[in-house]
Amino acid sequence: MRKKIKYSNNSVTVVITFITVFFVCCYFLFSNKTFKYCDTENYLLGIHDSLPSISINYNQFRNELLEEISIKLKKETCCEINEFQLQLENNETINVKLHNECESCQVYINDRFYYRILLTKDNQLLFQDRPIALDSLSLNIYDCLKNEDLIDSVNFMFYWDKPSQKKAIEKVFLNIKKGYQLYYEEVGQQRFGKSLCKLSKTEFKAIKRERSNIYLGVGERKSLPPPPKNN
């Protein structure tokens, strides 16, 4: 007569955690392949036909770039949250937001919290003022989303120096997007035991971060230095 094997809750937790980590690692291994996003991924990443889709010339001065975006969106962007899809050279799109701070604005970007991402003209990437490898950015995005899982609003602000290589700028966007995919892939596995594309409509709506956004840093008005004191 066979003996029944008892499994402790801790053992089950370790096994589940191992499987999840293994799945995420596999995702990293194959995530550089070009593939068509399924409807679930498009929904979670904010890619849908109702948003305008535009490309931009990154290497312009702030006012020139804001004017180009305004013309292509066919609207005034001042003091509003403008959401659109940014077209990349490899035909992928990424959902971004622009808060164009004009002098008349009453609410400024600095009034909110953002994780700041800066690409210098020397192609050095800074995350929260800390130098990191460009290819590791997706892990930093994933960690921020995971570590602040109980906080609904997690925002990222991407700045780039002028001039910067278009290829490097768009690689940053793609790594941000990949970070979101990794986060959602893990949540889908942990909560429902399924990959993203196999989630039902009810399931993928349950894991959507509604207030997590990618902002273009070009919209931020830099603070002016205080006037000199009179002696």
Answer residue from the stretch 151-176, given it is under 19 Å from Val218 (Cα atoms) and charged (D, E, K, R) and is modelled with the lowest pLDDT among those: Lys162
Residue within the stretch 27-42 that is at pLDDT 85 or above and more than 20 Å from Ser138 (Cβ to Cβ) present: yes
Number of the condition not met by Asn95 [criteria: (1) outside any strand (DSSP E or B); (2) closer than 25 Å to Lys167 by Cβ]: (1)
Selection count, the stretch 172-206, where residues are of a type outside the set (Lys, Arg), closer than 30 Å to Leu119 by Cα and touching a Phe, Trp or Tyr at 6+ places or on another chain (Cβ under 9 Å): 11
Residues of the stretch 85-120 classified as under 19 Å from the mean Cα position of the chain (by Cα), of a type in the set (D, E, K, R) and at pLDDT 85 or above, total: 4
Answer residue from the stretch 62-99, given it is among the β-branched types (Val, Ile, Thr) and in contact with a Lys or Arg (Cβ under 8 Å, 6 or more places away or on another chain) and is surrounded by the most Cβ atoms within 10 Å (Cβ to Cβ) among those: Ile94
Among residues of the stretch 35-72, those that are in a loop (DSSP other than H, G, I, E, B) and without any contact (Cβ under 8 Å) to a residue 40 or more places away in the chain, counted: 10
Enumeration of residues in the stretch 55-71 that are under 26 Å from Lys36 (Cα atoms) and in contact with a strand residue (DSSP E or B) (Cβ under 6 Å, 6 or more places away or on another chain): Ser55
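Only residues that are more than 17 Å from Glu92 (Cβ to Cβ) and either touching a helix residue (DSSP H, G or I) at 6+ places or on another chain (Cβ under 7 Å) or crowded, with 20+ Cβ neighbours inside 10 Å (or both): list them for the stretch 180-196, please.
Result: Tyr183, Glu185, Glu186, Val187, Gly188, Gln189, Gln190, Phe192, Lys194, Ser195.
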Any hit, the stretch 45-61, residues being surrounded by 13 or more Cβ atoms within 10 Å (Cβ to Cβ), among the aromatic types (Phe, Trp, Tyr) and modelled with pLDDT under 95: no
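Here's the yes/no breakdown for (1) surrounded by fewer than 17 Cβ atoms within 10 Å (Cβ to Cβ); (2) out of contact with any Ser or Thr (no Cβ under 7 Å at 6 or more places or on another chain); (3) at positive phi; (4) among the polar types (S, T, N, Q):
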residue: Cys102; (1), (2), (3), (4): yes, yes, no, no
residue: Leu125; (1), (2), (3), (4): no, yes, no, no
residue: Arg130; (1), (2), (3), (4): yes, yes, no, no
residue: Lys178; (1), (2), (3), (4): no, no, no, no
residue: Lys208; (1), (2), (3), (4): yes, yes, no, no
Boolean, Gly219 is more than 18 Å from Ser153 (Cα to Cα), crowded, with 20+ Cβ neighbours inside 10 Å and either modelled with pLDDT under 90 or of a type in the set (Phe, Trp, Tyr) (or both): yes
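The values are calculated or read from the model by the stated rules, or taken from the named source; none is laboratory data. These numbers were taken from a predicted model, which means no experiment stands behind them. Glycine also receives a Cβ, built like all others from the backbone with ideal geometry; neighbour counts cover every protein chain displayed.
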